[in-house]
Amino acid sequence: MKLEENSEDDCREASFSTRIISTKFAKPDVYGAIGHPIYRTAAFEFASSEAIEEAFKFGADAYTYSRITNPSVNHLEEKIKQASGAKSVMSMASGMAAISNTFLTIARMGTNIVASPHLFGNTFSFLKFTLAEFGVEVRFVNTDNLQEVENAIDENTCAFFAELITNPHMEVADLSAISKILRSKNVPMVIDSTIVPWCSFDARKAGVDIEVVSTTKYVSGGATSIGGAILDYGTHNWENNKKLEKLNNPQGLSKFVFKLRAEIGRNVGACMSPDTAHLQAMGLETLEVRYNKMADTTYRLASYLEDHPKVVKSNYPTLASSPYKKISDQLFSMGAGAMFTLSLDSKLSCYKFMNELKIIRRATNLFDNKTLAIHPESTIYGSFSPEMKKTMGIEDNLIRFSVGLESFDDLRNDIEQALLKV
Ligand SMILES: *Cc1c(COP(=O)(O)O)cnc(C)c1O
């Protein structure tokens, strides 16, 4: 179980897909299998008491129980290291498990998290309600205002948190500028990068210390399974973290990784299953080709719809009309994801439009192979009060699209015929 350091045959020099596809097995397969076996087992046996004692030591090169680690899950983690350049990766049962385990590792009573309020619904609820009951404060800031971000930080701030592109607002924070402030104050930058995959976004270059991802989205290879990942780039010094500073004996590991692997992760128990790890490892191998087509179609649809008479606004971060174009061009090498939104003149128009769609499906989720549309205000954010919706910046005349692998022409025609009936 390699917890840190990229393996010796790290092939960062090779291209993105080659690195993922060429990721070596930790141990050679006895039958020479090309695909990594699915180790569908809860536990592992040992030849002697001494051997099992040794295996239970943290960081030992052996598996004991699949809640803690499993070879199939570990293989996916190695592939994610190759994809991202992260020093350490831990797979989780879901994106929410990645987010909650990260904050349970670094936040404690009396500390605070500085964050954008424009967040995925469950993330907002976790920070604002779940953590609040354990005495952790969340300080919402406008991430476009660097002074506001800086002013919100004090000696009890344990993290800055934001989503790479906010959903459904499509804002992009200037991570490099924020990173300078955070590094000067020794506060880690935690980013949810679910919206843009590693082939277009280099988190380490942008100053991200800890990255959380819902692998349910692009990585799963077509909505095959729920999963998440926590990535540590090894760039933050945890000595001043109120929770981790007293941690002893991390065996040379980052204190974050040690606390997460040796305590929080196994106590919370939101582990990824070996079957899911197998599906997601397959998905990761085809991610770059799928993503390139999705991102290209997304840009073309968003720009085509900008001038449509029935559309009030088409939102995508790399459109010339977006205030985030400059930052997006710096952050994203191959497009700003496969999500865009349309504002129509009213909620009623959104409903009429959605009901007329023939190819595009009405569903939540992102980055399936199938194109999906949803009205966020009445669904994902439906359970929040009007005031909360206001804080979260949720408007009722907006439709969110997640663009799949159908052709641009078919998708444009479907949207066009549905807009005609509005
Ligand atoms: C979907 C999503 C999550 C939650 O992931 P799950 O795998 O559904 O738990 C978190 N953040 C963002 C940006 C998402 O899109």
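The values are calculated or read from the model by the stated rules, or taken from the named source; none is laboratory data. As the structure is a prediction and not an experimental result, all values here were calculated from the model. A quick note on method: Cβ atoms are made from the backbone with ideal geometry, for glycine too, and the neighbour counts reach across all protein chains shown.
When only residues in region 98-123 that are farther than 30 Å from Ser15 by Cα and among the aliphatic types (A, V, I, L, M) count, which is farthest from the ligand (Cβ to nearest atom)?
Looking at residues that are farther than 30 Å from Ser15 by Cα and among the aliphatic types (A, V, I, L, M), I get Met109.
Out of all the residues in region 161-187, which are outside any helix (DSSP H, G or I), on the phi < 0 side of the Ramachandran plot and more than 10 Å from the ligand (Cβ to nearest atom)?
Phe161, Ala162, Pro168, His169, Glu171, Val172, Ala173, Asp174, Lys185, Val187
Of the residues in region 98-123, how many are in a helix (DSSP H, G or I) and among the aliphatic types (A, V, I, L, M)?
First pass over region 98-123, keeping only residues in a helix (DSSP H, G or I): 98-106, 121-123.
Among the residues that remain, those that are also among the aliphatic types (A, V, I, L, M) are: 98-99, 104, 106.
Residues meeting the conditions: 4.
Inside region 124-154, can you point out the residues that are in a helix (DSSP H, G or I), within 16 Å of the ligand (Cβ to nearest atom), buried (at least 20 other Cβ atoms within 10 Å of the Cβ) and modelled with pLDDT of 95 or more?
Leu127
From the list Val73, Val89, which one is crowded, with 23+ Cβ neighbours inside 10 Å and in contact with a Ser or Thr (Cβ under 8 Å, 6 or more places away or on another chain)?
Working: Val89 fails: in contact with a Ser or Thr (Cβ under 8 Å, 6 or more places away or on another chain).
Within the list Val73, Val89, the selection yields Val73.
Can you report the number of residues in region 287-308 which are in a helix (DSSP H, G or I) and without any contact (Cβ under 8 Å) to a residue 24 or more places away in the chain?
Going through region 287-308 one residue at a time, the tally reaches 2.
Every residue in region 336-365 that is buried (at least 22 other Cβ atoms within 10 Å of the Cβ) and within 22 Å of the chain's Cα centre (by Cα), please.
Answer for region 336-365, where residues must be buried (at least 22 other Cβ atoms within 10 Å of the Cβ) and within 22 Å of the chain's Cα centre (by Cα): Ala336, Gly337, Ala338, Met339, Phe340.
What is the residue count in region 50-70 for residues that are in a helix (DSSP H, G or I) and crowded, with 23+ Cβ neighbours inside 10 Å? Can you show your working first?
Within region 50-70, the first condition is being in a helix (DSSP H, G or I), and the residues that meet it are 50-55.
Within this subset, residues satisfying the condition of being crowded, with 23+ Cβ neighbours inside 10 Å are none.
The number of residues fulfilling the criteria is 0.
If you take just the helices (runs of 4 or more DSSP H) that sit entirely in region 188-286, which of them hold at least 3 residues that are without any contact (Cβ under 8 Å) to a residue 12 or more places away in the chain, over 13 Å from the mean Cα position of the chain (by Cα) and more than 16 Å from the ligand (Cβ to nearest atom)? Steps first, answer last, please.
On the way: elements: 255-259, 265-268, 274-285.
Here the list is empty.
Of all residues in region 125-178, how many are more than 24 Å from Leu104 (Cβ to Cβ), hydroxyl-bearing (Ser, Thr, Tyr) and over 21 Å from the mean Cα position of the chain (by Cα)?
Total satisfying the criteria: 0.
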